[in-house]
Amino acid sequence: MLALLVLLAWGTACDESAVPEAAIVEPTRPLSAPTRAVPSEAELIEQLSAIGYVAGSEPAREATGVTKHDVSHVSHGVNLITSGHSPVALLMDMQGEILHEWRAEFDQVFPDHPRSEGTREPRRNFWRDAVLFPNGDLLVIWELFGLFKLDRDSRLLWAVPEPIHHDLQLTDANEIVHLQAKRKTIQGIPEKRAIEDFIVVRDAAGRELRRVALSDALRNADWLALRRSFWARAKERGYGLSERSLYDPFHTNSLWLLTPAEADRLGDPFRTGDALVSMAMLDTVALIDMERGVTRWWQQGPFGMQHEPRPTLDGGIIVFNNFLGVDRSSATTFDPRSGRVLREFTGPAEEPLHSKRSGRVQVLSNGNVLIVETDGGRALEVSSAGEVVWEFYSPYRVGESGETVASLYSLERIDRTQVAWLDAQD
């Protein structure tokens, strides 16, 4: 295990041309001319990306729906789902019944977005992530094409056509925080424009307020040294990455702004409002000071190509560890002070966890952990004792013959009190 690192110095800002505020697209107004460059930028970013996200990649299992539900030990609620099978988000109860759906086609959301034929393929025709508001509104990422908001009846409220990707969060201050990409020359990679990742903060109407560039924020963590170490790890562990991965130096895939309770449990140097981020192409989880734009803490490994670091109730951090070994993944909890692994869930012996792409973890209010195995289209709720108390297999299929299970990109447990609008519309 590599040693735990802490903040040593304030990083200095690197030169970067100013980035204009993103255009907000109202549902009654077409996109303005400058947005026509966005699709080609998105496509070029995808070409450079280390990992292609697809509608589905694994053979479908026979099991479908909820196959296990231990009522006395689960964290009760409803489940918000996005999946590779369709541009839709689903609200599902604990028994697997669909309670509500939001749906919008690409041309409805981005009517003047000039897409190539490649982007019209089914492999891109789905939503990556979604956040539900208490009134039934839904905030959605269409991977690399934009962010948009629907009301509970799937009417478009606004859209932002930018290369937004992977993950987003709605803060207590009603601000929207998400990841966004841009091709640019990055210090330390002079030979070719690479993918820079940003943490972007927007107001409730989608207008950009501020952004932090990862290459700037990670400078005091010496991310170029982490990059060299990553490539040594990748060769030794057999990640099988292509040469284009060199120009996706971070592949930032998740973020989480710490709440006061989470910061208190984690202790110094973790502070309220800091962003906990995962960078798959560095095998690194880091803590970004959103006010100063520097790194407070970071750790490389023992996880690999990981996703979704989240604070646990006992002061640890859990990640979906995509590369526990060849064809093996895990939900790994570690102590951020010592770097020591505290717990590791690898799945049932008969069906161990494995997802090369994506994967999520959610710490539930009762201490259970909800694990999403994206490639396999499976979600499991695991108790603190390591017992599977709820299990779901996606019934959704992709491919010409429906032989492939749709990638389960997100399945989030939501308290039933947060969907009172469901009863109001009955």
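Every number here is computed from the coordinates shown, using simple stated rules; none is lab data. Everything numeric here is computed off the predicted structure, so don't read it as measured data. Every residue, glycine as well, gets a Cβ built from its backbone with ideal geometry; the counts of neighbours run over all protein chains shown.
Worth pointing out:
- Top positive-direction residue, dipole computed over the chain with Cβ charges, set Phe145, Tyr409, Tyr239: Tyr239
- Sorted fewest first by neighbouring Cβ atoms within 10 angstrom, Arg61, Arg378 come out as Arg61, Arg378.
- Cα gyration tensor, the range 263-316 - rounded (a/c under 1.5), prolate or oblate: oblate
- Relative exposure of Leu150, Leu91, judged by other C-beta atoms within 10 Å (fewest first): Leu91, Leu150
- Considering only Ser338, Ser358, Gly377, the residue lying farthest towards the positive end of the dipole of the chain is Ser338, judged by Cα position with unit charges set on Cβ.
- Listed residues Val326, Leu266, Ser215: farthest to the positive end of the dipole of the chain (Cβ charges): Ser215
- The magnitude of the dipole of the range 43-108, with charges of +1 and -1 set on the Cβ of Lys/Arg and Asp/Glu and taken from the Cα centre, is near 220 debye.
- For the range 263-333, the relative contact order comes to 23 percent (Cα pairs under 8 Å, sequence separation of at least 6).
- For the chain, the dipole from Cβ point charges (+1 on Lys and Arg, -1 on Asp and Glu) about the Cα centre works out to 1080 debye, to the nearest 20.
- When Phe106, Phe345, Phe230 are arranged by Cβ crowding within 10 Å, least crowded first, meaning fewest neighbours, the order is Phe106, Phe345, Phe230.
- Each Cα pair under 8 Å and six or more residues apart adds its sequence gap; the mean of these over the residue count of the chain is a relative contact order of 19 percent.
- Whether the chain is rounded, prolate or oblate, judged on the alpha carbon gyration tensor where a/c under 1.5 counts as rounded: rounded
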